[in-house]
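The values are calculated or read from the model by the stated rules, or taken from the named source; none is laboratory data. These numbers were taken from a predicted model, which means no experiment stands behind them. Every residue, glycine as well, gets a Cβ built from its backbone with ideal geometry; the counts of neighbours run over all protein chains shown. Note: areas computed on protein heavy atoms with side chains; ligands, DNA, RNA excluded. Shrake-Rupley method; radii C 1.70, N 1.55, O 1.52, S 1.80 Å.
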Amino acid sequence: MIGVEYASGNAGYALEDFNACTEQGSAADQAKLDNLFFNHINERLRRKTPAKLEAFLRGLRVWQEHGNIPVYKTSDLPCCAYTTLQYGDELVLLILGFCVTYPGSAGDWWEQVIQPRLVEYL
């Protein structure tokens, strides 16, 4: 099983994003967020072996990169941004944030929210 961590610190908290999104979003948004959180992250991604997760991610389009670290984003809104980090023998799925609407654009969300969290985490 893959370890899952949620960004938290001075640059913000992924789980606070999730809670805010469920309060802001419509019933349909809330259902999509629940699906992202419970099915996509905790069932689909977390239950893969490290090798299967890495193979799965190689088949995805990289949304942004910081140095040599690829960041992935689910395609629709609401969405989730995440990456993986290797710590010795452990592969960790790092959830960077959730959003229902972008603060301007997806690029703004990257620059204002997601990239600062990743940098702080590193």
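Contact map, the stretch 76-87: first residue at positive phi, second residue open to solvent by 10 Å² or more (accessible area, probe 1.4 Å), Cβ cut-off under 6 Å, separation 6 or more or different chains; the map is empty.
So is Gln115 surrounded by 13 or more Cβ atoms within 10 Å (Cβ to Cβ), touching a His at 6+ places or on another chain (Cβ under 8 Å) and not in a strand (DSSP E or B) or not? Spelling it out, Gln115 is indeed surrounded by 13 or more Cβ atoms within 10 Å (Cβ to Cβ), touching a His at 6+ places or on another chain (Cβ under 8 Å) and not in a strand (DSSP E or B). Considering only residues in the stretch 86-98 that are within 14 Å of Leu45 (Cβ to Cβ) and in contact with a Phe, Trp or Tyr (Cβ under 8 Å, 6 or more places away or on another chain), the one that is surrounded by the most Cβ atoms within 10 Å (Cβ to Cβ) turns out to be Leu96. Residues in the stretch 1-29 that are open to solvent by less than 70 Å² (accessible area, probe 1.4 Å) and part of a helix (DSSP H, G or I) were compared, and the one that is farthest from Ala81 (Cα to Cα) is Ala28.
From the list Thr74, Thr101, Thr49, pick out the single residue that is surrounded by fewer than 16 Cβ atoms within 10 Å (Cβ to Cβ), closer than 21 Å to Lys32 by Cα and polar (S, T, N, Q).
Only one candidate passes the filter, namely Thr101.
How do the pairs read when you match residues in the stretch 19-48 that are under 16 Å from Glu5 (Cα atoms) with residues anywhere that are open to solvent by 80 Å² or more (accessible area, probe 1.4 Å), using Cβ under 8 Å and keeping only pairs 6 or more apart or on different chains? Final answer for the pair search is Arg46/Met1; Arg47/Met1.
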